[in-house]
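Trainee: My questions will all concern the structure given below.
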Amino acid sequence: MVMNFVSLQTKWKFDRMVVTEVLCDKKKFLDLLLIGDEQESMIDRYLERGRLFVGLDKDCKAMAVCVVTDEGNDVFEVKNLAVKQCYRCQGYGRRMLEYVEYLLPGKILQLGTGETPSTLRFYYNLGFEYSHRITDFFTDNYDKTIVEEGVRLKDMVYLRKFLKRTEV
Ligand SMILES: CC(C)(COP(=O)(O)OP(=O)(O)OC[C@H]1O[C@@H](n2cnc3c(N)ncnc32)[C@H](O)[C@@H]1OP(=O)(O)O)[C@@H](O)C(=O)NCCC(=O)NCCS
């Protein structure tokens, strides 16, 4: 997907990825959003109120997405994070999160995820810690059974990270 730059602001340049915020036509990125959250009706619950960050490759094509919502009381939530398959395990997911963390010094960043072993490892590696769980979230809210890495997703596990204030 080639980007329409009219809808963009806030650029953050990494080696081979530019992160930018998309302010309108957010559904253009549905293909990538569905990698992080496979049911469109669930994405609709947070996409408009959330901030959508998109990682662009050297051809200005979307390679990663991250949606963050303001949950109040200094708590922000990563609702969706996904990196296109061919770009995985090259540090881009970490960089998307680092960008979000850079924007939110002194805040709490949380996320809810299924108990997929590699996803949990990914977030624990990046300093997130277990907070709490919502029992039966996936079985109650998703139309289809989700099985990842042999695990049937049932509860939503919440992880949290307290973001340090950057010294000036
Ligand atoms: C989860 C996801 C966003 C990770 O993005 P990525 O670009 O592949 O991850 P990175 O390359 O940035 O990895 C960052 C760190 O986590 C580690 N990591 C990545 N995948 C890992 C895994 N499966 N197990 C353990 N560690 C892992 C990396 O080694 C790296 O550590 P380092 O910085 O010390 O080298 C990506 O795999 C994805 O889009 N998955 C499908 C959608 C999804 O599950 N989203 C999360 C839903 S909440």
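Trainee: Just for the range 79-98: of the residues that are crowded, with 20+ Cβ neighbours inside 10 Å and not basic (Lys, Arg), which one is nearest to the ligand (Cβ to nearest atom)?
Mentor: Result: Gly93.
Trainee: Among the numbered criteria (1) touching a residue at least 40 places away in the same chain (Cβ under 8 Å); (2) more than 7 Å from the ligand (Cβ to nearest atom); (3) buried (at least 21 other Cβ atoms within 10 Å of the Cβ), which one does Glu101 miss?
Mentor: (3)
Yes/no per residue for (1) among the acidic types (Asp, Glu); (2) in contact (Cβ under 8 Å) with a residue 60 or more places away in the chain; (3) in a loop (DSSP other than H, G, I, E, B); (4) under 22 Å from Glu101 (Cα atoms):
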{"position": "Arg16", "(1), (2), (3), (4)": "no, no, yes, yes"}
{"position": "Lys27", "(1), (2), (3), (4)": "no, no, no, no"}
{"position": "Asp31", "(1), (2), (3), (4)": "yes, no, no, no"}
{"position": "Glu38", "(1), (2), (3), (4)": "yes, yes, yes, no"}
{"position": "Arg45", "(1), (2), (3), (4)": "no, no, yes, no"}
{"position": "Gly55", "(1), (2), (3), (4)": "no, no, no, yes"}
{"position": "Asp59", "(1), (2), (3), (4)": "yes, no, yes, no"}
{"position": "Met63", "(1), (2), (3), (4)": "no, no, no, yes"}
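Trainee: Taking the conditions exactly as written (surrounded by fewer than 17 Cβ atoms within 10 Å (Cβ to Cβ), of a type in the set (A, V, I, L, M, F, W, C), within 13 Å of the ligand (Cβ to nearest atom) and free of Cβ contacts under 8 Å to residues at least 40 places away in the same chain), does Leu126 satisfy them or not?
Mentor: yes
Trainee: For residues that are of a type in the set (Ser, Thr, Tyr) and under 23 Å from Gly93 (Cα atoms), tally how many sit in the range 108-155.
Mentor: So the count comes out to 8.
Computed from the coordinates by the stated procedures, all read-outs in this text should not be read as laboratory data. Only a predicted model underlies this, so the values are computations on that prediction, with no experimental measurement involved. Methodologically, a virtual Cβ is constructed for each residue, glycine included, from the backbone with ideal geometry; neighbour enumeration extends over all protein chains shown.
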